[in-house]
Amino acid sequence: MIVKINLDRSVLMTAKDCIRERRSIRKFTDRPVDHALLSEIVETASYAPSWKHTQITRYIAVEGDLKDKIAAECTQAYPKNGEIIANAPLLIAVTYIKGRSGFERDGSFSTAKGASWQMYDAGVASQSFCLAAYEKGLGSVIMGIFDEAKAASLLNIPEERELVALIPVGYPDEAPSAPRRKPVEELLTFQS
Ligand SMILES: Cc1cc2nc3c(=O)[nH]c(=O)nc-3n(C[C@H](O)[C@H](O)[C@H](O)COP(=O)(O)O)c2cc1C
């Protein structure tokens, strides 16, 4: 099978193209991800909105033996994720600083949703990261199934931070078609 992948998307891409055409990528070439390019992607993702502009999301870029250790030791619940991480040149660990998003200064919750806004912010940031990466020709997949305690320990995540998701990143070696989306009539309702 011949996989045609256009890596220079930034010239003509609209926001609509970027959102619609990004796919979860689970097969990567050996080409490494340049650190300056990764910095540029994180700078773009930093424009994601956040609770009271608290900007709690932090990205850890993991390569080499540590990445392979996470692939081997943190994916028993879903070994396919281990294969994907092992095959990717780079793994991003998405973390956030606890106790700010959704919290008042005295530590009480700002709303009835309690601590949930932290995950909300990390999700908004993660999608922004994946879209910014896609615009630069990189593939990624957000992963929620992994041994969080083990991965947090291997990554030395301190107590005041939460590990949210793992995102393998690299140049795509596949071009999957989009899984079917629900129709707008199901997604959108109007009220007055
Ligand atoms: C919160 C979250 C967790 C996910 N966890 C995994 C995962 O553990 N492994 C995986 O292969 N894909 C994972 N995915 C990717 C979804 O399967 C994927 O987004 C979905 O099938 C739609 O495909 P698309 O991203 O190509 O549009 C996750 C996506 C999200 C948003």
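The values are calculated or read from the model by the stated rules, or taken from the named source; none is laboratory data. Computed from a predicted structure; not experimentally measured. No Cβ is skipped: glycine too gets one built from the backbone with ideal geometry, and neighbour counts run over all protein chains shown.
Observations on the model:
- Where a residue in the range 90-115 is under 23 Å from Ile167 (Cα atoms) and its partner, wherever it lies, is among the charged types (D, E, K, R) and exposed (fewer than 12 other Cβ atoms within 10 Å of the Cβ), with Cβ under 6 Å and at least six apart: Lys98/Glu160
- Any pair with Cβ under 8 angstrom, 6 or more apart, that starts in the range 123-143 at a residue that is at pLDDT 95 or above and ends at one that is among the basic types (Lys, Arg) and within 12 Å of the ligand (Cβ to nearest atom): Cys130/Arg22; Leu131/Arg22; Tyr134/Arg22; Gly139/Arg23; Val141/Arg26
- Residue in the range 153-171 that is of a type in the set (D, E, K, R) and assigned to a helix (DSSP H, G or I) present: no
- The residue that is modelled with the lowest pLDDT, among those in the range 8-36 that are assigned to a loop (DSSP other than H, G, I, E, B) and hydroxyl-bearing (Ser, Thr, Tyr), is Ser10.
- Restricting attention to the range 62-97, the residues that are away from the ligand (no atom under 14 Å from the Cβ), within 23 Å of Ala125 (Cβ to Cβ) and either part of a helix (DSSP H, G or I) or acidic (Asp, Glu) (or both) add up to 3.
- Complete set of residues in the range 166-192 that are within 16 Å of the ligand (Cβ to nearest atom), under 17 Å from Leu131 (Cβ atoms) and surrounded by 18 or more Cβ atoms within 10 Å (Cβ to Cβ): Ile167, Pro168, Val169, Gly170, Pro172
- Residues (on the phi > 0 side of the Ramachandran plot and touching a residue at least 24 places away in the same chain (Cβ under 8 Å)) located in the range 41-79: Lys52
- Residue satisfying all of: in the range 23-58; hydroxyl-bearing (Ser, Thr, Tyr) and more than 16 Å from the ligand (Cβ to nearest atom); surrounded by the fewest Cβ atoms within 10 Å (Cβ to Cβ) among these: Tyr47
Residue-by-condition table, conditions (1) farther than 29 Å from Glu73 by Cα; (2) surrounded by fewer than 18 Cβ atoms within 10 Å (Cβ to Cβ):
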{"residue": "Ser108", "(1), (2)": "yes, yes"}
{"residue": "Ser116", "(1), (2)": "no, yes"}
{"residue": "Gln127", "(1), (2)": "no, yes"}
{"residue": "Lys150", "(1), (2)": "no, yes"}
{"residue": "Leu155", "(1), (2)": "no, no"}
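- Residue in the range 165-181 that is touching a Ser or Thr at 6+ places or on another chain (Cβ under 9 Å) and β-branched (Val, Ile, Thr) present: yes
- Check on Arg20, surrounded by 14 or more Cβ atoms within 10 Å (Cβ to Cβ), in contact (Cβ under 8 Å) with a residue 40 or more places away in the chain and of a type in the set (D, E, K, R): no
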